[in-house]
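Shown next, in structure tokens, is the structure this report addresses.
The values are calculated or read from the model by the stated rules, or taken from the named source; none is laboratory data. Everything numeric here is computed off the predicted structure, so don't read it as measured data. In this analysis, Cβ positions are derived from the backbone assuming ideal geometry, glycine residues included, and neighbour counts consider all displayed protein chains.
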Amino acid sequence: MTKTYSIGEVAAMLDLAPSTIRYYDSQHIIPPVKKGSNGLRIFTDTNIMDLRIVECLKIAGMSVKEIQKYMVLVAQGNASLAKRLAVFQQLRQDTLQKLNQLEYTLKVINFRRLNCNPNLKVNNSAGELSPFGGLVLMAEFAAQLGLKDLFKRAVNFIPRQNAVKHDDTSILSQLLCQRIAGYSADSAANTLGLL
């Protein structure tokens, strides 16, 4: 027997409002959903997949009208494969362009975030750096690389007493950043706040 779901269960699964799901059904954005003898919608895994596709298409930037047109093509079966392929090729190209724009935007945000860091003095003349500027830059770089997670997976530390203030992974990350940034000793060993 095919597993079925109520609108509430589907809404919770997909993080959608039940009213949104009802709208998709009533506007034929998804193929018609069967109703039980009590008049309530009964959803199957196929219906859930249709809803997931609609949400992906929305995120990719398709309008409701465009999604409706796409679903008409789906209903035509194999006869519309070439047209659906063209839709997805265009959607892929548009999504890649948006992704490039978002990556550039993220780079600008990260650069501006560094400029706002009070521990870092940025000077475009390449002359002056605040005392912990190099360490902060290395910490930012290590965070981007996911260095702490890498250490946790790659290095097996011997368990120590519970009274230790910082875990070995944090100490190793701090030490590595200090060495790369050119600091031979940590003048504030009690604070590992940079990572």
Could you look through region 30-56, keep only residues that are part of a loop (DSSP other than H, G, I, E, B) and in contact with a strand residue (DSSP E or B) (Cβ under 8 Å, 6 or more places away or on another chain), and pick out the one that is surrounded by the most Cβ atoms within 10 Å (Cβ to Cβ)?
V33
If K65 meets every condition in (1) of a type in the set (K, R); (2) surrounded by 11 or more Cβ atoms within 10 Å (Cβ to Cβ); (3) at pLDDT 90 or above apart from one, which number is that one?
(2)
What pairs come out if I take residues in region 18-29 that are part of a loop (DSSP other than H, G, I, E, B) and pair them with residues that are surrounded by fewer than 14 Cβ atoms within 10 Å (Cβ to Cβ) and among the β-branched types (V, I, T) whose C-beta lies under 6 Å away, six or more apart or interchain?
none
